[in-house]
Amino acid sequence: MQPDEPLVLALPKGRILKEVMPLIRAAGIDPEPAFDDDDERRLRFATNVPGLHIIRVRAFDVATFVAFGGAHLGVAGNDVLMEFAYDDLYAPLDLDIGHCRLSLAEPDPAGPLGHMVTDAAGDTPHNVGHIRVATKYPNITRAHFARHGIQAECVKLSGAMELAPALGLSRRIVDLVSSGSTLKANHLREVAVIAHVTSRLIVNRAAFKTRPNTVGAWVNRFREVAAHAA
Ligand code: PRP
């Protein structure tokens with residue numbers, strides 16, 4: 001990275017953005033034009049800090065922008081970091097926001113999809129070698145089931161995983177759960193927590209090497225802000 005190149009901070013769109021923005025402002029960064037949510041269609045913003053830009057991308061893509069050096073810093077959940085396992089970035093700081101969990105869910109036996117559990121009672125992780133799971137996280141899902149000696153076939157979706165059981169794509173899903181209301185509304189129940197998720201500050205390794213003072217100063221700044229917010 002060249003010394004005069006703007007530093008790019010990648011932020012996640014969606015519900016996490018509302019939790020991220022107070023930290024960004026507390027760190028002394030104000031995007032121009034200002035935003036607090038996704039209403040503005042613009043993707044790249046200057047800031048009040050000379051030489052610092054913000055991009056706003058899908059939560060799942062923040063790690064990719066940072067790993068490939070398109071952005072130098074970012075905010076990403078450890079679910080995404082686990083799924084991609086990029087070598088080119090590191091995550092020095094847990095920001096203690098975006099708390100949720102990555103869970104395995106299946107039809108609630110007491111609900112209208114309960115027949116799916118009893119009809120296929122043999123298809124349990126204890127006595128089958130192969131099951132199908134709808135998820136945005138095929139790598140984490142396969143690794144989770146492999147630890148139990150089961151080969152998981154993943155149906156890759158980008159959202160609305162909770163529809164998969166009712167529509168016959170798969171009996172199980174692996175997805176993020178926060179309040180649990182989306183699972184409940186779709187007659188599913190959480191059966192295993194695969195990972196507890198929070199958002200981390202992530203840094204491109206090459207940027208940290210070539211501009212250690214600038215990038216390191218931002219890591220320290222966010223460390224102070226996160227400690228103060230805790
Ligand atoms: C996430 C996740 C679940 C839902 C869980 O989706 O994929 O669908 O939130 O939250 P809950 O337990 O509080 O109901 P989100 O709404 O962020 O949208 P997405 O499908 O675009 O990821």
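The values are calculated or read from the model by the stated rules, or taken from the named source; none is laboratory data. None of the values given here were measured: they were computed from a predicted structure. FYI the Cβ positions are ideal-geometry reconstructions off the backbone, even for glycines, and counts take in every protein chain you see. Remember, those area values only see protein heavy atoms, side chains included, never the ligands or the DNA or RNA. Shrake-Rupley method; radii C 1.70, N 1.55, O 1.52, S 1.80 Å.
Solvent-accessible surface of protein heavy atoms, probed at 1.4 angstrom with all chains present, puts Leu163, Leu201 in the order Leu163, Leu201, largest first. Rolled with a 1.4 Å probe across the full set of protein chains, the surface gives Lys156 an accessible area near 120 Å².
Within the chain, what whole-number % of the accessible surface is contributed by carbon and sulfur, with the 1.4 Å probe and all protein chains included in the calculation? Please report the intermediate quantities before stating the final value.
Working: 6040 of 11380 Å².
In the chain, the share of accessible area belonging to carbon and sulfur is 53 percent.
Pairs from the list Lys156/Lys209; Lys136/Lys209; Lys18/Lys136 with a Cα-Cα gap above 26 Å: Lys156/Lys209; Lys136/Lys209. Once the Cβ-Cβ distance of Val219 and Arg132 is raised to the sixth power relative to R0 = 41 Å, the FRET efficiency obtained is 0.50. On full extension, the segment bounded by Ala192 and Arg205 gains 1.3 nm, given 0.36 nm per residue less the C-alpha separation.
Ordering Asn139, Cys154, Gly111 by Cα displacement along the dipole of segment 100-196 toward the positive end leaves Asn139 in first place; charges were set at the Cβ atoms of Lys, Arg (+1) and Asp, Glu (-1).
Accessible surface of Asp88, taken over heavy atoms with a 1.4 Å probe and every protein chain present, rounds to 80 Å². Accessible surface ranking for Lys13, Lys18, 1.4 angstrom probe, highest first: Lys18, Lys13. Once the 1.4 Å probe is applied to the protein heavy atoms, the chain comes out at 49 Å² accessible per residue.
If DNA, RNA and ligands are ignored and the probe is 1.4 Å, what is the ranking of Val193, Val155, Val75 by accessible area, most exposed first? Each step should come with its number before you reach the end.
Working: Val193 70, Val155 35, Val75 5 Å².
Highest to lowest solvent-accessible surface, that is Val193, Val155, Val75.
Largest first, the three principal axis extents of the alpha carbons in the chain are 63, 33, 31 Å in whole numbers. Using the Cβ-Cβ distance between Ala160 and Arg41 with R0 = 22 Å, the FRET efficiency computed as 1/(1 + (r/R0)^6) comes to roughly 0.45. Counting only Cβ charges, +1 for Lys and Arg and -1 for Asp and Glu, the dipole size of the chain around its Cα centre is about 240 debye.
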